[in-house]
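One structure below.
Please treat every number below as a calculation from the coordinates, not as lab data. For clarity, every value in this text was computed on a predicted model and none was experimentally measured. Using ideal geometry, Cβ is built from the backbone for each residue, glycine included, and neighbour counts are taken over all protein chains shown.
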Amino acid sequence: MFGKKKPIPQIDKTQLALIKNAERRIKQKKRLYIHFVIFLIGSVLLIVANTVLNIGQEFKIFGLDWFVIAIIVWFVLFIYHFISVFIINKFMGRDWEDQQRDLLVAKQEERIEKLKQEYLAKESKVAKSQAFDASAKSSAPFQKKKSELTLIAAAGEDNGIGKDGDLIWHLGDDLKRFKNLTSGHCIIMGRKTFESFKNPLPNRTHIVITRQDNYAVPSGVIVVHNLDDALDAARKDAQPFIIGGGEIYRQAIGMADKIELTRVHGNFPTADTFFPEIDGFIWKETHRKEHSKDNTHNYAFSFLTYERK
């Protein structure tokens, strides 16, 4: 009917952007064409002014008539205009700027998300640790903890602890400290660590973790096949010690209550066994004793004690 309005065709954003870009390119080419026409007319007028009207016939620049210089400069400006329209604006125009901006924003968002995930992971570790401590305290408020699982090790600044099943250094005072702390206790270790001893260490109960069946050991040495069984075997000890190697440390650090670490002040690129990273969100340093390099110790080192927060 007469009052009925005609439907207005809808154009999506992509089509609208293409139309606007086409209009912009048409305007740019029109301006370039006008510039070319003016350049031709202007060049003719400059030639006529000099040769017919004798304007500035005696004036020369670098041995050339002034109108030649003027035409060359104008031609260079026209070439720049041409390049701007057909090269720069085509490949590095608004679309190119939008694309680069989107790439930059995407990279920033990816970096922010990565930092966010790392922060949440650390927060999760702290929360789990606090929840575990709170649960332990609430479940047995009047009971003293039965044992204090302790990791004991010597590690370089790069956390290297050994090479080919042996220590990289020999520090007499560190060995004395190891003996004083572990004497009278259970020491839990992997098979390779146990085999690095010439004989079982005196006044200590050795608990060896190995996957091998029928693994032969001297009398008094306990053989188990996983860390849980090792801890069960040491359940009567008030402070069992984990003494290595690298894989056993990694399995036990999440269960440990304390770390007795000798930090050797040096890097050891030849190391093939490593102590796990000590997370400052979970562990706090409670004691430190420095030891300088001397005639009997080739490296300076520090005795460090960490306790779970």
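Structural remarks
- Taking a ≥ b ≥ c as the square roots of the eigenvalues of the Cα gyration tensor, an a/c ratio of 1.5 or more together with a/b larger than b/c marks segment 219-268 as prolate.
- Of the peptides 42-54, 245-257, 201-213, the order by per-residue mean of other Cβ atoms within 10 Å, starting with the highest, comes out as 245-257, 201-213, 42-54.
- Theoretical gain in end-to-end length, Phe75 to Asp294 [0.36 nm per residue, Cα-Cα removed]: 70.8 nm
- Across segment 150-308, the mean sequence separation of Cα contacts (distance under 8 Å, 6 or more residues apart), normalised by length, yields a relative contact order of 33 percent.
- Of all DSSP beta bridges in segment 150-308, antiparallel share, percent nearest 5: 50 percent
- Once C-alpha pairs closer than 8 Å and six or more residues apart are averaged by separation and normalised to the residue number of segment 188-251, the relative contact order reads 38 percent.
- Counting Lys and Arg as +1 and Asp and Glu as -1 over every other residue whose Cβ lies under 14 Å from the Cβ of Val37, the net charge comes to +3.
- Shape call, segment 236-309: gyration tensor on alpha carbons, a/c limit 1.5: prolate
- Relative packing of peptides 281-288, 164-171 - highest average C-beta neighbours within 10 Å first: 164-171, 281-288
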